[in-house]
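Supplied in structure tokens, the structure appears directly below.
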Amino acid sequence: MLIGEVARRSGVSARMLRHYESLGLVRPSGRTGTGYREYSGEDIRRIFHIESLRTLGLSLREIGRALGDPGFQPSALVADLIRQTRERIAVETELLTRLCRIDAAEPAGWEEVLHTVSFLQALGSKNADARQRAALAPVDSVPAPVDALVEAVLSETEPNVAGALRWALARSGGGGTALLAEGLDSPVAAVRQRAVQALAEMPDGEASARLRDALAHPDAVVRGYAALTLGTRGLADTVPTLIDMIVEGRNDTDAADALSVLAGDIATAERIATEVVGRLGHEDTGAPARVRLTQALADIPGPTASRALVELSHDDDRAVALTAAYLRQLRDGR
């Protein structure tokens, strides 16, 4: 078969077939009487093999090595191709994400495009100061891409930068709450904690709704942050979680403070005192936890808390009894 016919049937141009020949990848088995290249069936099969390997991303040099060495083992080369392909995909994915973020900012001109690019570069900098400056930069006519801020918030490990990023996200005008809520389902505990911290600082009502849902989250840390935030906002549904925190010794002082805020409502104060007394009498509540629970009654008004302190001042646990007696003196002196 002459080169023109081979080119037509294989889809490989005559010029490329000549290039393959110059590289030694495929050589026509014969020549016609007038000197034209003539390809055999075996030559054509080799051409198709070359084209198949090219679709895998192999260079012509790698193809020549693969086809020319009978003992060639493809596993190492295929593994390397997988690695290279993943690297390319990562680069292209990063580029696509950046382009989408620029598009979401709806820039009116190239100056705004360059502003957004500069912001994204600073946000992804390895330098913590650069990331913090980006978060604290004044908001101008070009809004910061919210999804980029959320991604930065959920990945930031430097405390000062993390605080600046949460502040920037809170003033971004909304849109990040749903993305932060997705972070609550992360398999990484640190990401879940960053997500609930950021939700606690978001000003919109949707964030409060997400925090309310988080009170039932399987992660105790997430439940705790949600309860502390909503408790100081007056949500009585946080009482059981706040008491759990005191029993377990997790941010127990903050939890007691949140309970004292809730106790501003008389009915809630009675509920808190009743639940605290119940936990004090529970057989699984250890001695240190009983002391913390007793201390938590300090700022809970009402008859139930007062009666509990009277009884606890005679408790068999000396530490509990002394704590309760001291708190009674404080209450009597008010």
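The values are calculated or read from the model by the stated rules, or taken from the named source; none is laboratory data. Everything numeric here is computed off the predicted structure, so don't read it as measured data. Note: ideal-geometry Cβ built from the backbone for every residue, glycine included; neighbour counts use all protein chains shown. Surface accessibility is based on the protein's heavy atoms, side chains included, excluding ligands, DNA and RNA. Shrake-Rupley method; radii C 1.70, N 1.55, O 1.52, S 1.80 Å.
Failed condition for A195, given (1) open to solvent by 50 Å² or more (accessible area, probe 1.4 Å); (2) more than 27 Å from A267 (Cα to Cα); (3) modelled with pLDDT of 95 or more, with all others met?
Against the list (1) open to solvent by 50 Å² or more (accessible area, probe 1.4 Å); (2) more than 27 Å from A267 (Cα to Cα); (3) modelled with pLDDT of 95 or more, A195 comes up short only on (1).
Give the residues of the range 71-101 that are surrounded by 13 or more Cβ atoms within 10 Å (Cβ to Cβ) and outside any helix (DSSP H, G or I), sorted by residue number.
none
Let me ask something additional. Please specify each residue of the range 60-78 satisfying the condition of being among the hydrophobic types (A, V, I, L, M, F, W, C) and either touching an Asp or Glu at 6+ places or on another chain (Cβ under 7 Å) or modelled with pLDDT of 85 or more (or both).
Hits for the range 60-78 are L60, I63, L77.
Per-residue answers, yes or no, for (1) assigned by the TED database to the domain that holds D284; (2) surrounded by 16 or more Cβ atoms within 10 Å (Cβ to Cβ); (3) not charged (D, E, K, R):
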residue	(1), (2), (3)
R171	no, no, no
A178	no, no, yes
L211	no, yes, yes
A214	no, yes, yes
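Can you pull out every residue in the range 3-23 that is farther than 27 Å from P74 by Cα and either among the β-branched types (V, I, T) or open to solvent by 80 Å² or more (accessible area, probe 1.4 Å) (or both)?
Residues satisfying the conditions are I3, V6, R8, R9, R15.
Here's a check for you: in the range 231-255, which residue that is of a type outside the set (A, V, I, L, M, F, W, C) and in a loop (DSSP other than H, G, I, E, B) is least open to solvent (accessible area, probe 1.4 Å)? Reasoning before the result, please.
Applying the first criterion (of a type outside the set (A, V, I, L, M, F, W, C)) to the range 231-255 yields 231-234, 237-238, 240-241, 244, 248-254.
Checking which are in a loop (DSSP other than H, G, I, E, B) leaves us with 233-234, 249-251.
Working: R233: 116, G234: 51, G249: 35, R250: 62, N251: 82 Å².
That would be G249.
Return the residues of the range 232-246 that are closer than 21 Å to A289 by Cβ and either among the aliphatic types (A, V, I, L, M) or not assigned by the TED database to the domain that holds H282 (or both); say none if nothing qualifies. Break it down stepwise before answering.
To start, the set of residues in the range 232-246 that are closer than 21 Å to A289 by Cβ comprises 238-246.
Those that are closer than 21 Å to A289 by Cβ and either among the aliphatic types (A, V, I, L, M) or not assigned by the TED database to the domain that holds H282 (or both): V239, L242, I243, M245, I246.
Which pairs have Cβ atoms under 9 Å, sit 6 or more apart or on different chains, and link a residue in the range 81-99 that is hydroxyl-bearing (S, T, Y) to one that is open to solvent by less than 100 Å² (accessible area, probe 1.4 Å) and assigned to a helix (DSSP H, G or I)?
Listed pairs, sorted by first residue: T97/D147; T97/A148.
Oh, and also: When the range 102-118 is examined, which residues are found to be open to solvent by 30 Å² or more (accessible area, probe 1.4 Å) and under 24 Å from G163 (Cα atoms)?
H115, V117, S118
I'd like to check something: does the range 146-160 contain any residue that is open to solvent by 40 Å² or more (accessible area, probe 1.4 Å) and either of a type in the set (K, R) or at pLDDT below 85 (or both)?
Let us first name the residues in the range 146-160 that are open to solvent by 40 Å² or more (accessible area, probe 1.4 Å), namely 147, 151, 155, 157-160.
Filter again for either of a type in the set (K, R) or at pLDDT below 85 (or both), leaving none.
Scanning the range 146-160 turns up no residue that is open to solvent by 40 Å² or more (accessible area, probe 1.4 Å) and either of a type in the set (K, R) or at pLDDT below 85 (or both).
Out of the residues in the range 37-62 meeting the condition of being more than 41 Å from the chain's Cα centre (by Cα) and part of a loop (DSSP other than H, G, I, E, B), tell me which one is surrounded by the most Cβ atoms within 10 Å (Cβ to Cβ).
This residue is Y39.
Next question, about the same structure. Looking at L99 and the list (1) under 21 Å from the mean Cα position of the chain (by Cα); (2) closer than 21 Å to L180 by Cα; (3) at pLDDT below 85, which single condition is not satisfied?
Of the numbered conditions (1) under 21 Å from the mean Cα position of the chain (by Cα); (2) closer than 21 Å to L180 by Cα; (3) at pLDDT below 85, the odd one out for L99 is (2).
Do we find that A130 is touching a helix residue (DSSP H, G or I) at 6+ places or on another chain (Cβ under 6 Å) and open to solvent by less than 30 Å² (accessible area, probe 1.4 Å) in this structure? Before you say what the answer is, go through the steps one by one.
Values: touching a helix residue (DSSP H, G or I) at 6+ places or on another chain (Cβ under 6 Å): yes; open to solvent by less than 30 Å² (accessible area, probe 1.4 Å): yes.
So A130 fits the description; yes.
Restricting to the range 24-36, name every residue that is touching a Leu at 6+ places or on another chain (Cβ under 7 Å) and surrounded by 15 or more Cβ atoms within 10 Å (Cβ to Cβ). Walk me through it before giving the result.
At the first step, the residues of the range 24-36 found to be touching a Leu at 6+ places or on another chain (Cβ under 7 Å) are 25, 36.
L25, the sole residue that qualifies.
Report the residue count in the range 307-323 for those that are under 13 Å from L293 (Cβ atoms), of a type in the set (A, V, I, L, M, F, W, C) and surrounded by fewer than 20 Cβ atoms within 10 Å (Cβ to Cβ).
1
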